[in-house]
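K.L.:
Before we start, here is the structure in question, set down as structure tokens.
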Amino acid sequence: MELSELATEYRISAAPLKERISVLQNQLKTAGMCEMERLRLRSRIDTLYTMYRQTLETAGYLERYYI
């Protein structure tokens, strides 16, 4: 597998993370929760966002590796 193919795989794997973040953000806005549940959900969103960002950064790194 070439690095460009691997970068594409990373970008593809980032899409479900972004979708899940969107679902959880909507849940945060609409669901009636106590403050502790809201904090846990925010923490989960933050963790997923970090994973999403790192996945995209890795894809970019792989795309530019030989440049």
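K.L.:
I need the shape label for the chain. Rule: rounded when a/c is under 1.5, else prolate if a/b > b/c, else oblate, with a, b, c from the alpha carbon gyration tensor.
P.N.:
prolate
K.L.:
Also, quick follow-up: Over the chain, what percent of the accessible surface lies on carbon and sulfur atoms, probe 1.4 Å?
P.N.:
53
K.L.:
Separate question: Taking the chain as the reference, fit the longest principal axis to its C-alpha atoms, fit the long axis of helix 3-30 to the helix C-alpha atoms, and give the angle between the two in degrees, 0 to 90, nearest 10.
P.N.:
In the chain, helix 3-30 runs at an angle near 10 degrees to the longest axis.
K.L.:
Right, next: Compute the helix-to-body angle for 35-63: its Cα long axis versus the longest principal axis of the chain, expressed 0 to 90° and rounded to tens.
P.N.:
With both axes taken from Cα atoms, the answer is about 10 degrees.
K.L.:
Only loop residues by DSSP count here, and only those with at most 13 other Cβ atoms within 10 Å; note down the chymotrypsin sites (Phe, Trp or Tyr not before Pro) in the chain that meet that.
P.N.:
Here the sparse-neighbourhood loop sites are Tyr65, Tyr66.
The values are calculated or read from the model by the stated rules, or taken from the named source; none is laboratory data. Values in this document were obtained by computation on a predicted structure and should not be read as measured data. Cβ coordinates were reconstructed from backbone atoms using ideal geometry, including for glycine residues, and neighbour counts include every protein chain displayed. What goes into the accessible areas is simple: the full protein's heavy atoms, side chains included, and nothing from ligands, DNA or RNA. Shrake-Rupley method; radii C 1.70, N 1.55, O 1.52, S 1.80 Å.
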